[in-house]
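Data first, discussion second: the structure below is written as structure tokens.
Here, each number is a calculation from the coordinates, and none is a lab measurement. Just so it is clear, the model here is predicted, and its values are computed rather than measured. All Cβ positions, even for glycine, are placed from backbone atoms using ideal geometry, and neighbour counts span all protein chains on display.
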Amino acid sequence: MKHKTELLRPRKKPFKYVLIGLIISLGLVCLYNGSSLAPGLRADVSDDGADPVIGGFVRKRDDLDDLFEDQEHNPDIPKNIPVCDMKYSELIPCLDRNLIYQLKLKPNLTLMEHYERHCPPPERRYNCLIPPPIGYKIPVRWPASRDEVWKANIPHTHLASEKSDQNWMVVVGDKIKFPGGGTHFHDGADKYISAIAGVYEIRTPGTHPPLCSSDDDPDANWNVVMKACITPYSAKVHREKGSGLEPWPKRLTAATPRLDEIGTSPQEFQEDTSIWYDRVSEYWKQMKSVIHKNSIRNVMDMNSNLGGFSAALKDKDVWVMNVAPVNASSRLKIIYDRGLIGTVHDWCESFSTYPRTYDLLHAWKVFSEIEDRGCSIEDLLIEMDRILRPDGFVIVRDRALVINYIRKFLTALRWDGWLLEVEPKTDSLSLSEERVLFARKKLWDEATTI
């Protein structure tokens, strides 16, 4: 309103009002279509004129059952999904510094809030497949992958020269090798560890962090403000003077004393362990003909429950990231008590990991759970594609209607390298009719996209 006084002149009113009206109208149009004006994105446009690259899938919750039933004539199922610009080949949506600036967030830099998760709202999500780097190859198989990787898969060879004095990584032909013996620390890791060990000893009296209040829930760890306190041991730990855990590897299948904190009996725990052993054995039988030796190393269980899936893989040369849903975060401590690793996550959001991290994703009832909460199945499929390596596998175990719906997206996702759907044996964990879908992601580049 720099020239507000001019609006009082009668001869200027019509023109000014028309101009203001046009500006407001243009602003509304830009706001409505703003996501399609995002910089740096491909200009692919779907048949209906909507931008297929940015903006989450939106659907009314009441229409979902109809959606599953009437798939043949459903216009919402895409025949193909566009590929993101190559500059997004390493995108981690909830750790995207550019998003902070685009949304004009004001994180506290002193508290390093700009390094925390800041997830894009639905209208800013990427509806496109994250492309692999140019020249990407199927990763070197374990255990050789500890010592060397394909150079094309990690387009950051400048680190080799920057870390040359530490013997950290060396470019040799089309590979990057890790000679060993070098570290991030100029004086060596052993001296660094010793320095850390001595830090606590030199704290002055009165500066030790206090114990958290007994009213605090130590299992509530999603979107909860951190407090400068230490969670005290439970009364049981004090009473028994220890955790009561069995030594490894017996603890992997032994009932942990903390089961009663989540309302699970030792008998239920043992039954769960037995069921998952049978399930995983059947999964491996179905996949045996297409799994190459040492081709599966990084595994994620997207709904870990008590960790039975991970425990059943104890004889396989793999490691498993167990993911507890936010509404069952208290079960994560059972994962830890079994000697496994895990985290809590809300699958309505992107997972904080690098693209192409996992060789196998296992999703048991994950899609039904997010659908019940009104979140997008399509968004989750695109996120799973982001974190799944080319030639990697997905195992989806869910309601038959959900499986049928997901199958419609497999070609668009390039997950049709190998497909199999089976009707599993019923067990006490299956409260309704379930199907198991196996799919394999193809290795592709922009030159071979649909």
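Length gained on full extension, ILE262 to GLU246, computed as 0.36 nm times the residue gap minus the Cα-Cα distance: 3.8 nm. Annotation: amide H of ASP416 within the under-5 Å range of LYS442, sequence separation 5 or more or interchain, hydrogens built in the peptide plane.
Applied to segment 388-395, the Karplus parametrisation 6.51 cos²θ - 1.76 cosθ + 1.60 on θ = phi - 60° returns per-residue 3J(HN,Hα) values of 9, 6, x, 6, x, 10, 10, 10 Hz, with x for Gly and Pro.
Sorted on the mean count of surrounding Cβ atoms within 10 Å across their residues, most packed first, peptides 102-110, 138-146, 284-292 read 138-146, 284-292, 102-110. With the highest mean first, a sort of the peptides 222-231, 241-250 on other beta-carbon atoms found within 10 angstrom per residue produces 241-250, 222-231.
Looking at segment 246-448, the pairs of alpha carbons with a distance over 22 Å make up 47% of the total.
Of all DSSP-defined beta bridges confined to segment 246-448, some 40% are antiparallel rather than parallel. Per-residue Karplus couplings for segment 126-139, computed as 6.51 cos²θ - 1.76 cosθ + 1.60 with θ equal to phi - 60°, are listed in order as 8, 8, 8, 8, 6, x, x, x, 4, x, 4, 10, 4, x Hz, Gly and Pro entered as x. Segment 98-130 and segment 347-378 have Cα centres lying 19 Å from one another.
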